[in-house]
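What follows is a short report on a single structure.
The values are calculated or read from the model by the stated rules, or taken from the named source; none is laboratory data. Quantities reported herein were computed from a predicted structural model and do not represent experimental measurements. For neighbour counting, all protein chains shown are included, and Cβ atoms are generated from backbone atoms with ideal geometry for every residue, glycine included. With ligands, DNA and RNA removed, areas are computed over all heavy atoms of the protein, side chains included. Shrake-Rupley method; radii C 1.70, N 1.55, O 1.52, S 1.80 Å.
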Amino acid sequence: MDKEVQLGEHHAGDRFVRFIDWLNHKLVSAIGPPNVGPFDAVVAKLGEAVCPVCDRVMAEHTIDHSTPNAVLNCPADHKPEVIHTEKLNELGMPKRPA
């Protein structure tokens, strides 16, 4: 590439940055600064959310992000699975007497 073309591209980028800075200055003076946190109402609602698994408050749960798949640890006691002693059909459901 020619040095003049490279310098021209650099100056065009510089003009774009100056334009964005100018526009930002004009917008902030006209409409004020953007609203940024803290979002207390949102945080309070998240803390009151109910777990779909155990119906307890999500604030009582912990989430383990140390693995590729996040693991939700519920504080509720887990009930053991029911063991079927009946014979199962090809779909894995208990057979009904004919």
Response to the item:
Sole miss for VAL82 among (1) modelled with pLDDT under 70; (2) in a loop (DSSP other than H, G, I, E, B); (3) surrounded by 10 or more Cβ atoms within 10 Å (Cβ to Cβ) is condition (3)
Discussion item. Scan the stretch 10-31 and tell me whether some residue there is among the charged types (D, E, K, R), at pLDDT 80 or above and either open to solvent by less than 90 Å² (accessible area, probe 1.4 Å) or within 21 Å of the chain's Cα centre (by Cα) (or both).
Written reply: yes
Worksheet item: Restricting the search to the stretch 32-73, which residues are part of a helix (DSSP H, G or I) and modelled with pLDDT of 85 or more?
Response: GLU60
